[in-house]
Amino acid sequence: MSTAPRPDSEHRPAGWGSFENLPTGRTLVMGVLNVTPDSFSDGGAHSGPEAAVAHGLRMMADGADIVDVGGESTRPGSERIPPAEERRRILPVVEALAAAGAVLSVDTLHAGTAEAALDAGAHVVNDVSGLSVGQDMIDLVARRQAPYVLMHARGTPDTMDGLAGYGEVVGDVLGELEGLRDRLVDAGLAPERIVLDPGLGFAKRGAQNWELLRGLHRLTATGHRVLVGASRKRFLGALLEQDGTPRPAAGRDTATAAVSALSAHAGAWCVRVHDVRPSADAVAAAHAWLGVEPAVLRPGADAGVPPAASSGADR
Ligand code: PMM
């Protein structure tokens with residue numbers, strides 16, 4: 001559940017403006033903005049891009065450092081849509097949020113959509129294809145030197161649930177990510193632009209997600225930034241089940257925030273969440289625990305002038 005917008009005088013979220021300006025030395029929060037026809041519908045009046053943009057701005061005010069814009073659901077069994085429709089949904093939202101200074105990632109399986117979003121002002125490509133990644137996507141991010149979230153997945157949203165056989169899940173996922181990472185580097189993408197993501201819930205059974213979280217340090221040990229996307233996922237619903245019934249997605253935000261805090265403690269670069277405020281707070285608590293300076297906790301905290309990433313002042 002999102003918090004209500006603050007009064008107008010305070011409701012001027014200042015984003016970090018570019019990937020290079022994102023703070024270093026603390027875990028970032030990425031807010032999920034799913035721009036699908038029913039996502040923001042209140043029965044008609046506010047179902048257009050305006051409602052999605054307003055939600056993105058509200059997540060920034062709540063502490064989102066990055067807004068992840070997606071137009072196509074990748075849940076198991078979800079419906080595939082033509083890339084042209086995907087672009088029609090997300091591009092106006094990307095343009096408006098980029099103009100407001102947001103750092104934006106585009107959550108897409110399609111190189112054409114990723115390129116159009118980069119042209120419209122997005123900064124990061126977030127691709128959940130995993131082992132099915134197309135050469136066109138690899139060539140695109142290499143050509144544009146676009147920061148790229150390389151998420152582990154096997155198969156497609158329709159087939160992935162049957163592909164969760166592993167010898168040792170952390171080692172297998174890491175090995176497959178490193179193979180993909182090498183393809184990206186061979187194509188010319190700078191290694192520091194590659195973010196690794198274990199792909200929780202993508203060809204993973206319940207307990208395997210916890211093993212991956214327990215083994216997160218093996219991903220951070222590669223030297224790459226690491227992103228964790230646990231928000232509201234099925235394995236949290238199973239954890240919180242009552243009488244054999246999984247907790248519905250809307251009741252999983254407290255557990256999500258706990259995973260965010262623990263991910264921050266384990267050195268994740270970023271957590272991807274639907275409800276930003278609880279995770280931003282949880283990450284702030286983890287940072288206080290670790291002794292990280294609180295000065296850079298929120299975009300706009302210093303009147304909207306983000307510190308330069310290279311200053312080191314935020315370490
Ligand atoms: N999970 C989903 C969608 N996109 N992107 C990254 N990088 N990591 C994830 O774990 C991830 C993602 C599926 O979750 P949603 O349908 O609730 O957004």
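Conditions tested, residue by residue: (1) modelled with pLDDT of 95 or more; (2) charged (D, E, K, R); (3) farther than 22 Å from Ile194 by Cα.
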position: Ser231; (1), (2), (3): yes, no, no
position: Gly244; (1), (2), (3): yes, no, yes
position: His265; (1), (2), (3): yes, no, no
position: Asp281; (1), (2), (3): yes, yes, yes
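Spot the failing condition for Val226; the list is (1) within 16 Å of the ligand (Cβ to nearest atom); (2) touching a strand residue (DSSP E or B) at 6+ places or on another chain (Cβ under 8 Å); (3) free of Cβ contacts under 8 Å to residues at least 24 places away in the same chain, and only one is missed.
So Val226 meets the others, but not (3).
If I go through segment 184-223 residue by residue, how many of them are within 11 Å of the ligand (Cβ to nearest atom) and in contact (Cβ under 8 Å) with a residue 40 or more places away in the chain? Break it down into steps so the answer makes sense when it comes.
Going residue by residue through segment 184-223, those that are within 11 Å of the ligand (Cβ to nearest atom) are 195-202, 204, 209, 212.
Adding the requirement that they be in contact (Cβ under 8 Å) with a residue 40 or more places away in the chain leaves 195-199, 202, 204, 212.
Residues in segment 184-223 being within 11 Å of the ligand (Cβ to nearest atom) and in contact (Cβ under 8 Å) with a residue 40 or more places away in the chain: 8 in total.
Only one of these is of a type in the set (A, V, I, L, M), more than 24 Å from Gly77 (Cα to Cα) and not in a helix (DSSP H, G or I): Leu200, Leu189. Name it.
Among Leu200, Leu189, only Leu189 is of a type in the set (A, V, I, L, M), more than 24 Å from Gly77 (Cα to Cα) and not in a helix (DSSP H, G or I).
Starting from segment 58-87, keep only residues that are at positive phi, then list their pairs with residues that are among the acidic types (Asp, Glu) whose Cβ atoms are within a distance under 7 Å, requiring at least 6 positions of separation or different chains.
Final answer for the pair search is Gly77/Asp158.
Within segment 112-121, how many residues turn out to be open to solvent by less than 10 Å² (accessible area, probe 1.4 Å) and either near the ligand (Cβ under 10 Å from one of its atoms) or aliphatic (A, V, I, L, M) (or both)?
Step one: filter segment 112-121 for residues open to solvent by less than 10 Å² (accessible area, probe 1.4 Å), giving 113-114, 117.
After this cut, where a residue has to be either near the ligand (Cβ under 10 Å from one of its atoms) or aliphatic (A, V, I, L, M) (or both) as well, the list is 114, 117.
Residues in segment 112-121 being open to solvent by less than 10 Å² (accessible area, probe 1.4 Å) and either near the ligand (Cβ under 10 Å from one of its atoms) or aliphatic (A, V, I, L, M) (or both): 2 in total.
Within segment 53-110, track down each residue that is open to solvent by less than 20 Å² (accessible area, probe 1.4 Å), in contact with a Ser or Thr (Cβ under 9 Å, 6 or more places away or on another chain), in a helix (DSSP H, G or I) and more than 14 Å from the ligand (Cβ to nearest atom).
Ala61
Counting only residues that are over 18 Å from Ala255 (Cβ atoms) and crowded, with 22+ Cβ neighbours inside 10 Å, how many does segment 205-224 have?
Of the residues in segment 205-224, the ones over 18 Å from Ala255 (Cβ atoms) are 215, 217-224.
Going one step further and asking which of them are crowded, with 22+ Cβ neighbours inside 10 Å, we end up with 219.
The number of residues fulfilling the criteria is 1.
In the set Ala116, Ala111, Ala120, which member is under 18 Å from Leu57 (Cβ atoms) and touching a residue at least 12 places away in the same chain (Cβ under 8 Å)? Show your work before the answer.
Values: Ala116 fails: under 18 Å from Leu57 (Cβ atoms); Ala111 fails: under 18 Å from Leu57 (Cβ atoms).
Checking each option against the conditions leaves just Ala120.
The values are calculated or read from the model by the stated rules, or taken from the named source; none is laboratory data. Please read these numbers as outputs of a predicted model, since none were measured by experiment. Note: ideal-geometry Cβ built from the backbone for every residue, glycine included; neighbour counts use all protein chains shown. In case anyone asks, the SASA skips ligands and DNA or RNA and just uses the protein heavy atoms, side chains included. Shrake-Rupley method; radii C 1.70, N 1.55, O 1.52, S 1.80 Å.
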